[in-house]
Structure formats: structure tokens, C-alpha cells
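Here's the structure, in C-alpha cells; my notes come after.
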Amino acid sequence: HDSWLLLTKVLLRALLSYCLLLDGCPPRYFVQIQNRLTMIQSLFILSPTGEVLIERHFRGVTSRSVCDYFWEQASTNLNHHGGLTATTSIIATDRDALYDTVPPIMEVPESDSGTLYLFNALRDGLSYLAVCPAEVSPLLVLEFLHRVADTFVDYFGPPADESAIKDNFSTVYQLLEEMVDYGWPLTTEPNALKAMIRPPTVMEKIQSAVTGGSSAIVSDALPSGTVSNMPWRAAGVTYSQNEIYVDIVEEIDAIVDSSGAMISADLSGSIQVQSHLSGVPDLILTFKNPEVIEDCSFHPCVRYGRYELDRVVSFVPPDGDFELMRFRVQDFSAFNPPIYVNSQWSYGSSSKSGKDSTVSGRVILDVGARSVSSLVMSASRKGSMVLEDVSVVIPFPRILRSAKLSASVGSVLYDEASKVAKWTIGKLDTTQRPRLEANMVLDGSKRPVENGSLALSWKIPLASVSGLAVSGLSVTGESYKPYKGVRNITQSGRFQIRC
């Protein structure tokens, strides 16, 4: 498969060269057109402090100066100065990006190789950089960087952070060797990769630590999926108990003002599947109200023509966990958030002690669950609504000298370097009224002009905003009857509350 792909690329380049020479095309234009056919020239992975952990060149060597250029731009947009601390890495999550305004695509001018285009993605504190010598499809490169990060999570477990990369250097390089062919994304399906490179186990890690060798085991044979029309599924999959679970996850990105009114909101969703089915089953997923789904994107296993015709999702699933599809819901203007936060920020008069001037301040946050919400509850839900994994990230003024925080429910973690606190509440129902109080001491004699926005996180199982529901999940092509489970989950995305 790899040989045929490489041969095809060589033949296409030779044909292009012949056609251009017949037309009398000058060599410089030929080089420009060749560059248009190029993809990723180099890939770098940087640690949270800017150290180069992984460096892989696919078509020519790229100077590390591009990493210095990126880190110079990224450092000016960090939520704090002085790098990342251990506390900050705990406070930050995938939804709370450590970068404020770092563009995903940068142009690096006047480099050793001319103008380069730098694509970046931030995952688990690591910066994934892809360098391209010419303009390419940006979404393709960005999606590939996220696919690389997802593969590392699948192999090494969450989170795929700096320690995971350092503990599995050889496996990381072998994965990149199989995932990219001369700068072009090639094998990105986890099942196909696992057939070639076995994920590391605890015993293999111990053996490699004792012997000093590599823990990765590479197969000499191509995976069975590479020679079939289903590269996402391995052959000969067998389970003693066949089961499949489907989660419809809806995320709400919203901005709420200080009075609780919704300023803007966006609803996106995904269908996450956990499949443990023997053989090669053929599945059909149908919805009660498919009209609420808009702007879909699917896993390669989905037959897109069938969905366009009948609005049903027909597919042969990969083995294990995967994302079946993503979608958006545009018409949900009547959404009423299931949670609220009331904040009170007050500042006293300035006081002077010697040459230093300080201003005292006080913050009070009250969090509660609304008894009436626009969420659609699942029929299997019993009892009142309960929010899970509730947390509030509180940014304090940069001039904060010290802060004393206390919470009636949950725990508070404060990071001195970033001037950010995370209040972890946990579960929250309509009968609770958690409160956080903070006494502040600010440097200088001036009060802050404005307060930062609170970042709120929450999750509600067995609830939906759009009301999307599954009407059936049928399995054909196999004689067994698997156990099937379907549930809805609503959670916050970037949910900000202005103070």
C-alpha cells in the first residue's frame, strides 16, 4: 500500500514536470508549483516551557528557529508570565486554554528556507507544531495535529503530557514514521496503527528500563485493514460479550452578563461510541428528530450518501472508542442555563505603609442550580436534576499581592503565578447554595478598571438541549444480539460569566 502510494506521487510529479517543460515553463515557476504539492515539512512538539521534546523532518530540515519564533509569540499571550507552574497545569484543562490569542496559523518570514507557514495546536500542555513551505489546506493540517495528539492519548493514556512523551520516546517516533509519508498524512486509524506498533504495557516498560532497550514492538506485516476498504477495523475481532454504547454529548459555548442574561450562545454536539462487537457488524443508527442536526461531519466509517438520502447513520464501526460524528444546532434561542453565578466585587480605599501603597478588596461568589431549565430530560432519569463536575475558574487582577480564599462547599486551588483560582464544587442540586469568599490585597493605589470573566464548567447526564434522541440502533451481518446502551449528556464548553 505504501509503495503504491509513493509510486503514484512520483508518477504525478514526473507527469507534471513533462507537461511544464512542453509548455516552456521557466524553472522558477516549476519550483513554485512543486512547492504547492508539498505538505508537512517538519513536525515539532514543545513542552509547556518551550523545550523541544520531539523533532521529526519529513522533507528537508527545518531550523529550530521557527520554534523560537512561535514561543516568542506564544509567551506574550500566556495567561501569566514566567512559564507554567505545577498548580497552573492542574487548573488548566482542554476547555481552559493557557493561551489567550495565539493564532493557529503563523507566517514565519525571512527564515533560512524562505517563508514558512507554522500550524500549531495546544493539547495537554504540549504545543504541536507543523511547518509547511507553502500554502496548504489549513483544516487538514490542524486536524492531523489533533489526530496525532489523540493517538498519543490512545497509546499512553490520558493525559498525553510531557512525562508521557519522555517515557515513550521510541514509540512516539515510530508512530510518526507510520502516520506520515513524505509529509503526507497516511495511517491515522488507531486499529491500523496498533496492528503495526503494539501499545506499551507495564511489563514492557519495566523490561526496557532494566535492559535499556525500546519497549515498542513493531510488526513486520501490514495490518489487514490497509488492504481492504475498511482500514478503521481490524480483522478477526472476537468478544465473549458483545456490547455497544452510544453517548450523545452536547456542549454549550456561552457568554452570560452579570445580570444572568445570555449575550451569545452556540451549541455543538458529538456522538461518542464505545464498540465491543465481534466480526464485521453493520449498524444503522436512526433518530426521532434528525431535523435538529446541522453542519455534520462524520467518521470515515459512515456512509455519507445514505445519510443524505434517508437521514440515518449507516456504518461498520471501528473497534473500541471513537467519535462517530459531530454536528451543530443553530435554533435554540430559548435556552435557559441550568446554573447561575452571582458575583460581588468590592474595593476599599488605599492605604500606605512606608513607600508601599495597597488597596484591599473582597469577592463573594454564590453558585446555584435553577429549578426551572429548558433542558430536555431523558425518560430514564429518576429524581431531580443534579449537575456534576461543577467548577469555577476565577481570574484575579494582575496587581494582586495576596488573597485568602474560603469556600463553604468543595475545595479551592490558587495559583500565585497566574493569579487564578479554581473552585471545585463537584455535584450540585437545587437545594445547595455554595459560596466562596476571598479577601484581597492589591499593589498600588488604583482600583482595577474591570474584573475578569469567570469560566464555569458543569455536566448534566441524561439531559439534552436540542432534544435529539435515538429511535433505534440495529445490527446486521452477525447472528448475535448485542447489549446496546444510549444516553444523552449536556455539558459546558467555553461558558463565561462576566462580572
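The values are calculated or read from the model by the stated rules, or taken from the named source; none is laboratory data. Since the structure is predicted, the reported quantities are computational estimates derived from the model, not experimental observations. Neighbour counts are summed over all protein chains in view; Cβ atoms, including those assigned to glycine, are modelled from backbone coordinates with ideal geometry. Heavy atoms of the whole protein, side chains included, go into the accessibility calculation; ligands, DNA and RNA do not. Shrake-Rupley method; radii C 1.70, N 1.55, O 1.52, S 1.80 Å.
Listed values, structure above:
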{"quantity": "Extension gain from THR476 to SER63, taking 0.36 nm per residue of separation minus the Cα-Cα distance", "calculated": "143.4 nm"}
{"quantity": "Mean Cα-pair separation over length for segment 233-391, i.e. relative contact order, pairs under 8 Å, 6 or more apart, %", "calculated": "20 percent"}
{"quantity": "Contact order normalised by residue count of segment 429-499, Cα under 8 Å, 6+ apart, percent", "calculated": "47 percent"}
{"quantity": "Per-pair calculated FRET efficiency, R0 = 25 Å: LYS288 and SER384 via Cβ, rounded to 0.05", "calculated": "0.50"}
{"quantity": "Simple spin-label estimate for SER445 and ARG311 in nanometres, 7 Å along Cα-Cβ", "calculated": "6.8 nm"}
{"quantity": "LYS427 accessible area, assembled protein chains, probe 1.4 Å, Å²", "calculated": "130 Å²"}
{"quantity": "Packing-based order for 374-387, 128-141, 250-263, using average beta carbon neighbours within 10 Å, highest first", "calculated": "128-141, 250-263, 374-387"}
{"quantity": "Built amide H within the under 5 Å cut-off of LEU53, gap 5+", "calculated": "ILE45, LEU46, SER47"}
{"quantity": "Estimated distance in nm for a label pair at GLU55 and GLU437, the labels positioned 7 Å out from Cα along Cα-to-Cβ", "calculated": "5.5 nm"}
{"quantity": "Mean Cβ count within 10 Å, highest first, over the residues of peptides 297-303, 150-156", "calculated": "150-156, 297-303"}
{"quantity": "Stretchable slack from TYR304 to VAL153, in nm (0.36 nm times residue separation minus alpha-carbon distance)", "calculated": "51.6 nm"}
{"quantity": "Under 19 Å from the Cα of LYS288 - lysines, other chains or at least 8 residues apart", "calculated": "LYS484"}
{"quantity": "Alpha-carbon centroids, segment 340-364 and segment 429-499: separation in whole Å", "calculated": "31 Å"}
{"quantity": "Additional length obtainable on full extension of the chain from ILE255 to SER374, 0.36 nm per residue less Cα span", "calculated": "41.1 nm"}
{"quantity": "Efficiency of FRET from Cβ geometry, GLU177 and ALA417, R₀ 45 Å, rounded to 0.05", "calculated": "0.75"}
{"quantity": "Highest to lowest packing among 461-468, 408-415, scored as the average C-beta count within 10 Å", "calculated": "461-468, 408-415"}
